[in-house]
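Report on one structure; see the data block that follows.
The values are calculated or read from the model by the stated rules, or taken from the named source; none is laboratory data. All figures in this text were calculated on a predicted structure; none of them were measured in a lab. Don't worry about glycine lacking a Cβ; one is built from the backbone with ideal geometry, like all the others, and counts go over all protein chains shown. Remember, those area values only see protein heavy atoms, side chains included, never the ligands or the DNA or RNA. Shrake-Rupley method; radii C 1.70, N 1.55, O 1.52, S 1.80 Å.
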Amino acid sequence: AERFGPDCFDCSGLTYMSWRAGGMEIPKVSGAQGSAFPHVDTGSLQPGDLITTSSWGAHVGIWVGGGYVHATTYRNNPNAVKFVPGGSVVDAVRPS
């Protein structure tokens, strides 16, 4: 089941609610997020780009410059949303 907060998020719930807070509706699941927008070269990432470290159906995060933010679990855990410096980004899209 997807988790969209406000007390807990899964990875795509965090990206969905983050973009929604910025005034843009994006798909709710990671696979759909990865196919909904133009792909960008991982060497040209900009803050706000959606990234995956494995595959779009498995995990998604938000590039914030110098690394990404992602939800590591959907449990009600204040440490579940983490910043990862750098990271092994394998693909990225830019919501527009």
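Can you find a residue that is under 14 Å from residue 92 (Cβ atoms), of a type in the set (Ser, Thr, Tyr) and open to solvent by 70 Å² or more (accessible area, probe 1.4 Å) anywhere in the stretch 37-49? No: the stretch 37-49 contains no residue that is under 14 Å from residue 92 (Cβ atoms), of a type in the set (Ser, Thr, Tyr) and open to solvent by 70 Å² or more (accessible area, probe 1.4 Å). In the stretch 50-64, the residue that is surrounded by the fewest Cβ atoms within 10 Å (Cβ to Cβ) out of those that are aliphatic (A, V, I, L, M) and either at pLDDT 95 or above or in a strand (DSSP E or B) (or both) is 64. Checked against (1) more than 14 Å from residue 15 (Cα to Cα); (2) of a type in the set (S, T, N, Q); (3) under 13 Å from the mean Cα position of the chain (by Cα); (4) at pLDDT below 90, residue 79 meets all criteria but (3).
Only a single criterion out of (1) at pLDDT 95 or above; (2) hydroxyl-bearing (Ser, Thr, Tyr); (3) under 19 Å from residue 84 (Cβ atoms) is not satisfied by residue 12, namely (1).
Could we say that residue 80 is under 23 Å from residue 3 (Cβ atoms), in contact with an Asp or Glu (Cβ under 7 Å, 6 or more places away or on another chain) and touching a residue at least 40 places away in the same chain (Cβ under 8 Å) here? Spelling it out, it is not the case that residue 80 is under 23 Å from residue 3 (Cβ atoms), in contact with an Asp or Glu (Cβ under 7 Å, 6 or more places away or on another chain) and touching a residue at least 40 places away in the same chain (Cβ under 8 Å).
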